[in-house]
1. Would you please classify the overall shape of region 139-186 from the alpha carbon gyration tensor, given that a ≥ b ≥ c denote the square roots of the eigenvalues, rounded means a/c under 1.5, and beyond that prolate means a/b larger than b/c while oblate covers the rest?
2. Under 1.5 on a/c is rounded, so check that first for region 1-59, then, if it is not, pick prolate when a/b is larger than b/c and oblate when it is not; a ≥ b ≥ c are the square roots of the alpha carbon gyration tensor eigenvalues.
3. State the extension gain, in nm to one decimal, for the chain segment bounded by S42 and Y69, taking 0.36 nm per residue of separation less the distance between their alpha-carbons.
4. In straight Cα distance, which lysines are under 22 Å from K101, not counting same-chain residues fewer than 8 positions off?
5. Which translational diffusion coefficient, to the nearest whole µm²/s, is obtained for the chain from the Stokes-Einstein equation, given a Kirkwood hydrodynamic radius over C-alpha pairs, 37 °C and 0.692 mPa s?
6. Taking the alpha-carbon centroid of each part, what is the distance from region 71-127 to region 11-65 in angstrom?
7. Per residue of region 169-186, what does 6.51 cos²θ - 1.76 cosθ + 1.60 with θ = phi - 60° give for ³J(HN,Hα)? Whole Hz please, x for Gly and Pro, Karplus curve as stated.
8. Please build a GNM for the chain, connecting alpha carbons under 10 Å apart, and tell me which residue among G129, G48, G36 fluctuates the most.
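Since every read-out is calculated from the coordinates, none of them should be taken as a lab result. On a predicted model such as this, the values are computed, not experimentally measured, just so you know. Glycine also receives a Cβ, built like all others from the backbone with ideal geometry; neighbour counts cover every protein chain displayed.
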Amino acid sequence: MTIFILGLIIFFASHLFTPLMRGARENLQKRLGAGGYKGLYSIVSAIGLTLIIIGWPGADRTVLFVAPYWTVHVAYLLTLLAFIALAAAYLPKGRIAATLKHPMLAGVKLWAFAHLLVNGDVRSVLLFGAFLAYGVIDRIMVKKRGAPTPVAGSGVNDILAVAVGAAAWCAIFFWLHPFIAGVALR
C-alpha cells in the first residue's frame, strides 16, 4: 500500500506543482530551460505513475461499498462522454471544447467519477478520488488564472471528436480494458 500511496503523492504533486506553485515553477524553468523543465516534469510524473502501477496489486482491497448494478450503465455512458471530451481537447477545437472550456479536465473528472460510482474498494476510491480531486483543483486554478476559453470552431470538429472518442471507448470496452485494468467489462 505504501508504494501505491507514494506513487499517488508523487504523480499528483508533480501535476499540481504547475498550477499551485507558479513562482517556483518559473524559477525552475529559468534554471533548467523549457525543455529541461518538461523533461524533469515528465520523469517525475512517470515515476509516480510507475509506483501507482507497481503498488496497485498490493494496495488495500477492502470493500467500502457495493454499487447497485445499474450504476455500471451510468459509468459506461460517463466514460463515453469522458473520451469524447478528451478527444475534443486534443483535436481541432469545436463547440464541445468551447462549451466545456477545458475539455481535458472535464474528461478526467467524468472518467474518475464514473469509476468511483462502480468501484467501492479502498484502492479504487483512493485512485479515482485522487484523479477527481486533481481535476476539480486544477479546473479551479485554470478559472482563477483566467485562461482563455477556446473559440468554437467548426461543427465538423465536433463530429470528429465524437467519432474519435467513441472509437477509443469501444476499443477499451471491447478489447483493451482487461489489459489496462485487469478487468473485462462484458
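1. The shape class here is oblate.
2. Here region 1-59 falls in the prolate category.
3. Taking 0.36 nm per residue and subtracting the Cα distance, the gain is 5.9 nm.
4. K93, K109, K143, K144
5. 183
6. A separation of 20 Å, based on Cα centres.
7. Along region 169-186, the couplings run 4, 4, 4, 6, 4, 7, 10, 8, 4, x, 7, 6, 10, x, 9, 7, 9, 9 Hz.
8. Looking only at G129, G48, G36, the biggest GNM fluctuation is shown by G36.
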